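Q: First the structure, then my questions, so here it is.
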Amino acid sequence: MSHSVIEHTRQVHADLEKLAETMVDDLLAEKKNASHKELILRDHRMKGYCDLYKGTTQKLLDLYEDKSGSRSKELAATSGSNVFSEFYTRLKATRDYHRKFPNASLKLDDSIPVPRMDINFTGEENYAKYVDMHEFYKRYTNMKVFDKCNYFSFLGKFHKLHTVAKEKKIASREYVKYINDVF
């Protein structure tokens, strides 16, 4: 109905408030004896909500930055000596809209979508209870920078990077990628 920048800003603020309320409700609804899996799923939902909140606040920031100048024009139009004429002009436009579309109703959607959770834990990770290092072990044993060892020896020394000669570290791109992925 209305293409008002001020109304759009108000709506985004309302969305942010509803999203924050949803997050709080989700945290308060936590069971006292929740399983590890339920806690992990809740944490992933919270991450999704936080990402949604961040995206919405970016929209709000863009509205306040007013790069097109439409917000400042609208604010200027609704202030000063012609406040009442602007008000009645907008009221007339609203009434005309509702005369033209008498069955148009305000559609309030108070539900916040539950974020999709693409959680890909391996069986060894047991829903993030453990860290699966098998993939890193394979990469470790296939690099010429490191000495060959069994899995349990790897777990004891994969983090001891000071034992690798500096020349080997610098010469290998594969080593740099491995380190970035591990840490």
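The values are calculated or read from the model by the stated rules, or taken from the named source; none is laboratory data. Note that the structure is a prediction, hence the values are computed from the model and not measured. Methodologically, a virtual Cβ is constructed for each residue, glycine included, from the backbone with ideal geometry; neighbour enumeration extends over all protein chains shown. To get the accessible areas, we keep the full protein, side chains included, count just its heavy atoms, and leave off ligands, DNA and RNA. Shrake-Rupley method; radii C 1.70, N 1.55, O 1.52, S 1.80 Å.
Q: Test of understanding: extend the Cα→C-beta vector of Val131 to 7 Å, then name every residue of segment 153-183 with backbone N under 14 Å from that spot.
A: Of the residues in segment 153-183, 154-161, 179-183 have backbone N under 14 Å from the label point off Val131.
Q: Counting only protein heavy atoms and using a 1.4 Å probe, what share of the accessible area of segment 1-105 belongs to carbon plus sulfur, as a whole percent?
A: 57
Q: Can you work out the accessible area per residue across segment 144-183, with the rest of the protein chains kept in place, probe 1.4 Å, in square angstrom?
A: 79
Q: Now a separate question. Give the peptides 82-92, 7-17 in descending order of average Cβ contacts within 10 Å, highest first.
A: 7-17, 82-92
Q: If you don't mind, there's one more thing I want to ask. Length gain on complete extension for the stretch Ser79 to Asp43, per 0.36 nm per residue less the alpha carbon to alpha carbon distance?
A: Extending this stretch completely gives an extra 8.4 nm.
Q: Roughly how large, in nm² to one decimal, is the mean projection of the convex hull of the alpha-carbon atoms in segment 1-60?
A: Convex hull of Cα atoms, orientation-averaged projection: 4.6 nm².
Q: Among the trypsin sites (Lys or Arg not before Pro) within segment 40-80, which fall in a DSSP loop and have no more than 15 other Cβ atoms within 10 Å of their own Cβ?
A: Lys67
Q: Please report the net charge: other residues with Cβ closer than 15 Å to the Cβ of Ala29, K and R +1, D and E -1.
A: Summing Lys/Arg as +1 and Asp/Glu as -1 gives -2.
Q: Give the accessible area for Asp181 in Å² (nearest 10); use a 1.4 Å probe, count only protein heavy atoms, and leave out ligands, DNA and RNA.
A: Counting only protein heavy atoms, Asp181 exposes about 70 Å² to solvent.
Q: Given contacts defined as C-alpha pairs under 8 Å and at least six residues apart, what's the relative contact order of segment 5-72, whole-number percent?
A: Relative CO of segment 5-72 lands at 57 percent.
Q: Could you tell me the accessible area of Leu61 in Å² (1.4 Å probe, neighbours in place), rounded to the nearest ten?
A: For Leu61, the solvent-accessible surface is approximately 80 Å².
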